[in-house]
Each structure stands twice: as C-alpha cells, then as structure tokens.
Amino acid sequence: MMEAKALAERIAEILDKKGATDIQILEVGHLTSITDFFVVASGRNIQAVHTLAEDVEDQLAEQDVLPRRKEGGNNAKWVVLDYATVIVHIFHPEERQYYNIERLWQDGSNQLPFSLLDER
C-alpha cells in the first residue's frame, strides 16, 4: 500500500492532469481519526465530477489501490472516494462553494503545497 502522503499527491496529480480545478490537499490526521488526508477538487460540471472520480479509481486500480467505499451516484454533484488514509472529495463548483469543507478542516497549517498547479 502506498504511503498516505504519496497517495494524496498521486491523486492530486491524476486530478490535475484530467482537468480538475482548485485542487487542495489537506493533512487532517491531527484533527480526526477517520483519515490522514483529504484531497478536494472541483469538476466543471456533473459529468466531469464523475469522469474525474472514474479516472482516479482506474489509475489507482492499476497499482492495486482500491477504494474502500465510493459515494455519489451518476446524478450526484459530489463524489467521495475513501482510500482509508486518503479521502477524495470531487465537487460540482456550486456544491463545493455551499459545503466549503476546506473551511471546516483547514487549521492554517495543514494545506500541502501542490506544485503542479504552480507550474501552469
């Protein structure tokens, strides 16, 4: 199994290459016992949200990394992939703004830099 931080960074990389927007990696292990990292991203529309989730699942499955759970049906505007040490949240932009989970989980020091975004 991939180390949690490496897995979070790999997921962010997949999302970035597939066109996700506003990707954030949050280290939350010191705030909760449910996971070590959240990766939060947006898709441009409902179809993009589901395509991004499928791409993450497919590419990680090639490395035998499978989610424990997946939530969010075909018409959902928010998909959650639970990889135990990393939970991925992929939102439609309106849902992301409404729920604003970063506000709930950021403590001012737990956002990891995601360098691929800086290279654009």
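Taking the Cα centre of the range 1-113 as origin, sum charge times position over the Cβ atoms of Lys and Arg (+1) and Asp and Glu (-1), and report the length of that vector in debye to the nearest 20. All intermediate terms of the calculation are to be shown ahead of the outcome.
On the way: 11 positive and 19 negative charges, 54 e Å.
Value, rounded to 20: 260 debye.
I need the peptides 27-39, 84-96, 47-59 ranked by packing, meaning the mean over residues of other C-beta atoms within 10 angstrom, with the highest value on top. Numbers along the way, then the final one.
Working: 27-39: 17.0, 84-96: 21.2, 47-59: 18.5.
Top of the packing list down: 84-96, 47-59, 27-39.
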Quiz item: If you average 1/r over every pair of different alpha-carbon atoms in the chain and take one over that average, what Kirkwood value in Å do you get?
Solution: 14.1 Å
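Counting each DSSP H run of 4 or more residues in the chain as -39500 (n - 2.57), what helix-only mean residue ellipticity at 222 nm follows after dividing by all residues, to the nearest 500 deg cm²/dmol? Please list the in-between numbers first.
Values: 5 runs with 46 residues, N = 120.
Using -39500 (n - 2.57) per qualifying helix, the result is -11000 deg cm²/dmol.
What does the charge add up to near SER42, with Lys and Arg as +1, Asp and Glu as -1, over the other residues with Cβ less than 13 Å from its Cβ?
On the way: positive: LYS18, ARG44, LYS77, ARG96; negative: ASP16, ASP22, GLU94, GLU95, GLU102.
Residues near SER42 contribute -1 overall.
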Quiz item: Among GLN47, MET2, GLN59, which residue has its Cα positioned farthest towards the positive end of the charge dipole of the chain, with +1 placed on the Cβ of Lys and Arg, -1 on the Cβ of Asp and Glu, and the dipole taken about the Cα centre?
Solution: GLN47
Self-check item: Of GLY43, GLY73, GLY19, the one that fluctuates the most in a GNM where the chain has Cα springs shorter than 10 Å
Solution: GLY73
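Bear in mind that the values in this text are calculations on the coordinates, not laboratory data. For clarity, every value in this text was computed on a predicted model and none was experimentally measured. Glycine also receives a Cβ, built like all others from the backbone with ideal geometry; neighbour counts cover every protein chain displayed.
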